[in-house]
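These notes are about the structure you will find just below.
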Amino acid sequence: MGLMRSWIETANDPEGAFPLNNLPYGVFSVGDGDLRCGVAIGDRILDVTGLEAAGILRADADADVLDAPFWNDFMELGPAVWARFRDALQALLGEGADETTRDLCITYSVPMADAVMHMPFRVSEFTDFYAGRHHAFNVGSMFRDPANALPPNWLHIPIGYNGRASSVVVSGTDVRRPWGQLKSPDHDLPAFLPSRRFDLELEMGAIVGTASDGPISVDEAFDNIFGYVLLNDWSARDIQAWEYQPLGPFQAKATATTISPWIVTRAALEPFRCDTPEREFELLDHLKDRGPMLYDIDLAVALAPKGKPATTIARTNYREMYYSAAQQLAHHSTAGCPMRVGDLLGSGTISGPTKPERGSLLELSWGGKEPLTLDTGETRSFIEDGDTVTLTGAARGDGFTIGFGSCAGTVLPALDAPYKR
Ligand code: CA
């Protein structure tokens, strides 16, 4: 399948992020206006809250589901409605649309440049996994031993931990360097200080669109995923090193997790499905691969010191994951955990096999031992105050691109004193 042509010319750019093939879902506002549900097309945002209120485009015949500053109510309607709505959007915005339809869509749309983006969905709960093999190998090599880098369970289950939905923020939100309890190897006792090893993690986030109660298969899990976003799991490595045993990360991951503003639907990513890598151990039946459920998505990380140009510090691909989001979701449900619409599953840091493909500064600077040199000439082992970190992602088809928009955040200095009393 090639580019699906739209009468909105900017949507027909082969390198553009938002062709008719994509149609990602977000929440936007213009000026002092209300938050509204929108769909990205070329350089415009279609105001679907407005189209629903006018009776032109309805997801549900009886209820207004887009009259809300999030897409959760729409997701609740299920896959048949998701597909119908996408078809209706493609009819409105495709080349075949008549003059009246085109005029209406221009009336009910705004230039993307005029809009501010908000969280596209209400995060019900947030779980983060550790399912990138090269990342797990690199971290295990650094902190344990390259011969035994992967924990014994790693090749059999996608390891995860329960994070905090309350800490998930949309791209563009500033992130404050955290204080925390740190322990230097040179001292016997810990100290309470601003993190000195604040880091990024390049991940994809999968959004659950259909609820479940009890164990679900990998096939069901695949169908229950609504879409994907880019995700930066900000991580304080020095807090993490002291706190993580035996229950895993806690305050190291509690500052913020940034997501890109557009939910790219599973339907839009369908042409880019690919297999997980070769396995040396067969997975148990309930986690076995059930066809290609991973995606071929190019990913990049850029870092810009305050007021200076950005340097691309890593490039990799989502297909490097050892487990698909469907396998992670299936595993998440095995012990009976109910999953809700709006649950967000972080993939785990995505790194490829070579140095420029590493998805965290921890790996890129090898624990601070090999600082990176930026294009500006400055060096970085970890993030410095004022740095802006931007993740980007694109699935590249024949004559078209499925983009995610950017996932950016600027790190502000730690507070002078974190406690008021
Ligand atoms: Ca993570």
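Laboratory data are not the source of any read-out in this text; all were calculated from the coordinates shown. Keep in mind it's a predicted model, so treat the numbers as computed, not measured. Cβ placement follows ideal geometry from the backbone for every residue including glycine, while neighbour counts extend to all protein chains displayed.
Just a few scattered comments:
- Note on region 126-412: lysine pairs with Cα distance below 23 Å, sequence gap of 8 or more or different chains, count 4.
- Stretch gain in nm, segment L155-W366, where the contour uses 0.36 nm per residue and the Cα spacing is subtracted: 73.6 nm
- Dipole magnitude for region 225-353: computed about the Cα centre from +1 point charges on Lys and Arg Cβ and -1 point charges on Asp and Glu Cβ, it is near 480 debye.
- Per-residue [θ]222 nm for the chain (sum of -39500 (n - 2.57) over DSSP H runs n ≥ 4, rounded to 500): -5000 deg cm²/dmol
- Proportion of all alpha-carbon pairs of region 219-356 beyond 26 Å (%): 33
- Over region 9-118, equivalent-ellipsoid semi-axes from the Cα gyration tensor in Å: 20, 17, 14
- Amide H contacts of T257 (H built 1.01 Å from N, in plane; Pro and chain starts excluded): V168, V169 sit under 5 Å, all sequence-distant by 5 or more or on other chains.
- Length, then width, then depth: along the principal axes, the Cα atoms of the chain run 73, 52, 45 Å.
- Cβ-based exposure ranking for L269, L93, in which fewest neighbours within 10 Å come first: L269, L93
- Taking the fewest neighbouring Cβ atoms within 10 Å as the starting point, the ordered list for K306, K183, K420 is K420, K306, K183.
- Region 142-237: relative contact order in percent, alpha carbon pairs under 8 Å with at least 6 residues between: 24
- Over region 9-118, relative contact order from alpha-carbon pairs under 8 Å, at least 6 apart, %: 30
- Computed about its Cα centre, the charge dipole of region 9-118 is approximately 200 debye, with only Lys, Arg, Asp and Glu carrying charge at their Cβ.
- In nm, spacing of pseudo-spin labels at D385 and S217 (7 Å Cα→C-beta vector): 5.6
- A straight chain from R164 to D114 at 0.36 nm per residue would run longer than the Cα-Cα distance by 14.9 nm.
- Relative contact order computed over region 126-412 (Cα-Cα under 8 Å; 6+ residues apart), in percent: 27
- Counting other Cβ atoms within 10 Å as a rough exposure proxy, the listed residues Y419, Y130, Y323, Y161 run Y419, Y161, Y130, Y323 from fewest neighbours to most.
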